[in-house]
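To start, the structure itself, in structure tokens.
Any read-out appearing in this document is the output of simple, stated calculations on the displayed coordinates, not a laboratory observation. It should be emphasised that the depicted structure is a prediction, and the values quoted were computed from it without experimental measurement. Don't worry about glycine lacking a Cβ; one is built from the backbone with ideal geometry, like all the others, and counts go over all protein chains shown.
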Amino acid sequence: MPSMNMVQALNSALDVMLARDPNVLTFGQDIGYFGGVFRVTDGLQKKHGKNRCFDTPICELGIVGVGIGMAVNGLRPVLEIQFADYIYPAYDQLVSEAARIRYRSVGDYIAPITVRSPYGGGIFGGETHSQSPEALFTHVAGLMTVIPSTPYDAKGLLISAIESNDPVMFFEPKRIYNGPFDGHHERPAVPWSQHPASEVPEGYYTVPLGKAAKVREGEAVTLLCYGTMVHVARAAVEESGIDGEILDLRTLVPLDLEAVVESVKKTGRCVIVHEATETSGYGGELVALVQKHCFYHLEAPIERVCGYDTPYPHGFEWEYFIGPARVVAAMRRVLEI
Amino acid sequence: MRNTVKLSLHFPDAPARPGDKPDFSYLQIPEAGRVRRPDPTTPAADMRELAYDLIRVLDAEHRAVGPWDPHLAPETLRRALKFMMTDRIFEDRMFRAQRQGKTSFFLRGLGEEAIAIAHAMALENSDMCFTSYRQQGLLIARGCPIVNMMNQAYGNAADKQHGVQMPLHYSYPEYGYFAMSGNLATQVSQAVGWAMASAYRGDDKIAVAFIGEGATAEGDFHAGILFASVYRAPVIISISNNQWAISTFQTVAGGEQTTFAARGVGVGLPALRVDGNDFLASYAAVQWAAERARANLGATVIEFVTYRGHAHSSSDDPARYRPADDFAAWPLGDPVVRLKQHLIGLGEWSDEQHEAFEAQATEEIRAQQVQAESIGTLTAGKHPDPATLFENVFEELDWRHALQRRELEG
């Protein structure tokens, strides 16, 4: 089985789906001739033609609005928004349109678009290339939100997203495009080839939406995380020796509530880790669900380890970015009670 | 260099407000028949002046003149007139039903009926229309039973949208009518995308985006026309310039220094500016743009100059911001009267026939209203099961909806 990094795995998913379904096409800024600023669409225009993979004006609301219109007319567009930080001009099209077309038409029309967008910090991207806006979408009825943490999942989840008859926000943790970053910026970068989840089949397969993955079995505390933070959480567990159980949520909407509840009921403790700013972040939703469904099993208050409630500060990348130390400290807090 | 005057801002306003005499002196109205009709294959750059002119076919005596006369058969013209009249009667009755408390909201397209009917008749039913508020006539002309439209407004048990959507936010694939959004301008890039999908597949269908002049200020409009131009999407962007966006006059939307059709010129699209109260000119313009789109030459922007004869909606009172007799003084007249007089001039219609049809249509619509109300209005009668409100958020119910539905059902 070939070893792929996340960029190659995403490219492979698009390649497979373009070959498999004539209704699939992809477009966005710089993704055609050039292959995308992160190379996710490298070679796809040459192989599948301009009709299937093309460049657009710098106009996110146009990319999404046009994609919705195509989807209504039977296509399955995969839209790239170059950075999640640039998605806001398209917010109305996503929130008021893509999310509601099935509802308002009672199924007369559907908008099965997939919106791919690199998100998250750890790349010295400052306030406009580092944000994690997933909660702005998980809050919206009618949108699915997916975030992979490995090349294998990235490909399988992207194929599922493209095949879904509902609109899917697909956020790609750009810090781990090329390797599984654990937050130790001072150490040499690790390539995906040393990680078992970089073994990615060349052909078609899916990873189902709405299913979390148990990354590590443990008894002491449940760590709920996604994206780059899965790798940070793993480092925190390994370095602290705390027997943490790590759940990679993979899909935030629909959430795999069953997996969350089963794990927290077992460990009685819960730490939530995400890069996004804390206030009104997705972690708040997880806290509410865990207390509702696991209240009598909880041994300690639920902890959140989140981005500080500030814009992303360029010069303080490693003060701001969550490393294993903050996760370990949170685990200790819930264990010491 | 020093300023020669103190800097200040310009605030456009309406030429007349309540208590003033209506003033439409800003509108330049050329003689009917004077504007040239280039072949639809003409490059956009060779006909830019059309964006600043006003295509008119019906002259002051209601005769059809000039190169834009579509030469429609009298029977077609009679159908158009009947659709416009039916639309007007329907909207009037439903507006009154709102006043009687039978529904939450309604609005009329009084004075703008020719535009939607012209599209319905110049296009195929399979050409997809992404509408805004004042195109209810499209559904009527494409054969939608009026009782179904009433059921939708009442959200009763027979409403095919299960009561989830506000009145007149219809959804009708079978009549080429996209599920209308109440958000302004979002439909423009969607119509362009729909048309791009048609071209992507090598299909023969085209799309139309309807938008008011006020909403052309939204980014979606500009994104839509840009994508339409870049990819030569087979789409018509139809701007209904009815002078008013609720209380805001078209000058505030940018209509003072240029035309709304000219927005198309900026992105290299052909653009027509048309007398929207002239059914023949409106039909001819849509037909021209459709011919161009079907020849794979891409999109056209059309500005229909018209007047919003009624309130913005049932929630609005125009007496607070414009002269009461504004519509009566509108120099482009009433589209129904103009088409009626044209047909009478041709010897193909009469005042008696007009009155007889009006009485007949009124009676038919009244009967359908009785039928709809026998099922229910928004406040009385039979309604969809509330448990259905959780359906169609996603293709399948997720656990949240299952739990919340249980809570709703007690």
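Semi-axes of the equivalent ellipsoid of the protein assembly as shown: what are they in whole Å, largest first, if each equals the square root of 5 times a C-alpha gyration tensor eigenvalue?
54, 29, 23
So which lysines pass the test for B:LYS82, namely a Cα distance under 25 Å, with those fewer than 8 places away in the same chain ruled out?
Partners found: B:LYS340.
For chain B, what are the per-bin percents of Cα-Cα distances with bins 10 Å wide, up to the bin holding the maximum?
Cα pair-distance distribution for chain B, in percent: 5, 21, 31, 26, 12, 4, 1, 0.
Could you list the GluC sites (Glu not before Pro) in the stretch A:236-322 that lie in coil according to DSSP, counting only those with at most 14 other Cβ atoms within 10 Å of their Cβ?
Answer in residue order: A:GLU299.
Separation of the stretch A:163-217 and the stretch B:173-222 by C-alpha centroid, Å?
Spelled out, the Cα-based centre of one part sits 37 Å from the other.
Of the candidates B:THR379, B:THR186, B:THR131, which one comes out as most mobile in a Gaussian network treatment of chain B with C-alpha springs shorter than 10 Å?
Top of the fluctuation ranking is B:THR379.
What length, rounded to one decimal in nm, is gained on full extension from B:THR388 through to B:PHE24, with 0.36 nm per residue of separation minus their alpha-carbon distance?
126.0 nm
Give the long-range amide H neighbours of A:THR222: residues separated by 5 or more places, or on another chain, with amide H under 5 Å away, using H modelled in the peptide plane at 1.01 Å from N.
A:GLU245, A:ARG269, A:CYS270, A:VAL271
Between B:VAL5 and B:ARG34, take the C-beta separation as r, use R0 = 35 Å, and let me know the FRET efficiency to the nearest 0.05.
Plugging the Cβ-Cβ distance into 1/(1 + (r/R0)^6) gives 0.30.
Enumerate the calculated ³J(HN,Hα) couplings along the stretch B:205-214 in order (Karplus 6.51 cos²θ - 1.76 cosθ + 1.60, θ = phi - 60°), each rounded to whole Hz, writing x wherever the residue is Gly or Pro.
My calculation for the stretch B:205-214 gives 8, 10, 10, 10, 10, 9, 8, x, 4, x Hz in order.
Can you say what percent of the DSSP beta bridges in chain A, counting only those with both residues inside, are antiparallel? Round to 5.
Details: 6 of 39 bridges.
Restricted to chain A, the bridges split so that about 15 percent are antiparallel.
Let me confirm one metric for peptide B:386-396, namely the mean number of other chain beta-carbon atoms within 10 Å of its residues' beta-carbons.
That average works out to 5.
Can you give the average number of partner chain beta-carbon atoms within 10 Å of each beta-carbon in peptide A:134-147, as a whole number?
If you average over the peptide's residues, the count of other-chain Cβ atoms is 1.
Among the complete DSSP H segments of chain B, which ones combine at least 24 Å of alpha-carbon extent along their axis with a mean Kyte-Doolittle hydropathy of 0.0 or more?
Details: long enough: B:74-99 (38 Å, -0.83); B:351-375 (36 Å, -1.05).
TM-like helix candidates: nothing returned.
Calculate the FRET efficiency for A:HIS139 and A:HIS185 from the Cβ-Cβ distance with a Förster distance of 30 Å, rounded to the nearest 0.05. All intermediate terms of the calculation are to be shown ahead of the outcome.
Details: r = 31 Å, r/R0 = 1.04.
Using R0 = 30 Å, I get an efficiency of 0.45.
Taking only Cα atoms and a 10 Å spring cutoff, compute GNM fluctuations for chain A and point out the largest among A:VAL207, A:VAL78, A:VAL190.
Highest fluctuation among the options: A:VAL190.
Can you give the Rg to Rh ratio for the stretch A:6-198, taking only C-alpha atoms and Rh from Kirkwood?
Details: Rg = 16.0 Å, Rh = 16.7 Å.
Taking Rg over the Kirkwood Rh, I get 0.96.
Kirkwood Rh, Cα Rg: Rg to Rh for chain A? Intermediate values should be presented prior to the final figure.
Values: Rg = 19.3 Å, Rh = 20.0 Å.
Result: Rg/Rh = 0.96.
Over the alpha-carbon set of the stretch A:213-336, work out the extent along each principal axis and list the three values in angstrom, largest first.
Extents along the principal axes, in whole Å: 43, 31, 25.
Could you work out the mean count of beta carbons from other protein chains within 10 Å of each residue's beta carbon in B:164-170?
Numbers: counts 5, 5, 1, 0, 0, 2, 2.
Partner Cβ neighbours, averaged per residue: 2.
Hey, with R₀ at 25 Å, roughly what FRET efficiency would B:GLU174 and B:ARG79 work out to, going by the Cβ-Cβ distance, to 0.05?
It comes out at approximately 0.80.
With angles folded into 0 to 90 degrees, how steeply does helix A:324-336 sit against the dominant principal axis of chain A? Use alpha carbons for both and round to 10.
50 degrees
For the protein assembly as shown, give the share of DSSP beta bridges that are antiparallel, in percent and rounded to the nearest 5; count only bridges with both residues there.
Roughly 15 percent of the beta bridges in the protein assembly as shown run antiparallel, per DSSP.
For the stretch B:124-208, calculate the relative contact order in percent as a whole number, restricting contacts to Cα pairs under 8 Å that are 6 or more residues apart.
Taking the mean separation of contacting Cα pairs over the length of the stretch B:124-208, I get 37 percent.
Zone of B:SER104 (label point 7 Å along Cα→Cβ, backbone N under 18 Å): which residues in the stretch B:125-145?
From the stretch B:125-145, the list is B:133.
Across 10 Å bins from 0, what is the distribution of all Cα-Cα pair distances for the stretch B:273-410, in whole percents?
All Cα pairs, binned at 10 Å, distribute as 9, 17, 22, 24, 19, 8, 1 percent.
For B:LEU226, B:LEU139, what ranking results if the residue with the fewest other Cβ atoms within 10 Å of its Cβ goes first?
B:LEU226, B:LEU139
Neighbouring Cβ atoms within 10 Å as the yardstick, rank B:PHE210, B:PHE390, A:PHE295, A:PHE34 fewest first.
Final ranking by Cβ density, sparse to dense: A:PHE295, A:PHE34, B:PHE390, B:PHE210.
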